[in-house]
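Take a look at the structure below.
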Amino acid sequence: MKNARIASAVFAVIALVAGSVDAKGKSVAGTWTLTVEHIGLKLELVQKKSTVTGTLDWPHGDPIKLAGGLTGDALTFAGDSGGENFSVHLESTGTLKADGTMTGTIKAHFVDFNDAHEVVRKRDQEIPWTAARGEHGIVHFPR
């Protein structure tokens, strides 16, 4: 009986250590295909400890520079972009799933300007997304 308790304790310690190593070892670094509204966008992420940075290609300009973090399985990132007659601010939350994919929601705040750079419209949109590692049907946009 004593040996069974010792063995149980050893297995419990191994499980705790393995779990904490796995939690610390999670990484979202690399190339992903982020899919929004059936469009595959290239998402490049760099991770240093819990800090995440990267870029998201999109059809309306240069890639959006992102900054955020990964805490456990929860990914957050934000970024801004704009053009001659618009600006957009993105904030996203997502979850790294057990199968290695991610899912989340982007909250986008769009501002449209006229030629005099006066605000003509503001709108907010919540956009669900999924992501998988690698490049899978990414839409490449001419620059």
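The values are calculated or read from the model by the stated rules, or taken from the named source; none is laboratory data. Small disclaimer: the values here were computed from a predicted structure and weren't measured. What goes into the accessible areas is simple: the full protein's heavy atoms, side chains included, and nothing from ligands, DNA or RNA. Shrake-Rupley method; radii C 1.70, N 1.55, O 1.52, S 1.80 Å.
When VAL52 is evaluated against the numbered criteria (1) modelled with pLDDT under 95; (2) within 27 Å of LYS26 (Cα to Cα), which criterion, by number, is the only one it fails?
Against the list (1) modelled with pLDDT under 95; (2) within 27 Å of LYS26 (Cα to Cα), VAL52 comes up short only on (1).
Let me confirm something: among SER20, SER27, which residue is open to solvent by 40 Å² or more (accessible area, probe 1.4 Å) and modelled with pLDDT under 90?
Criteria check complete, one pass: SER20.
Taking the residues in the stretch 51-62 that are in a loop (DSSP other than H, G, I, E, B) and not small (Gly, Ala, Ser) as candidates, determine which candidate is nearest to GLU135 (Cα to Cα).
Among them, the one singled out is ASP57.
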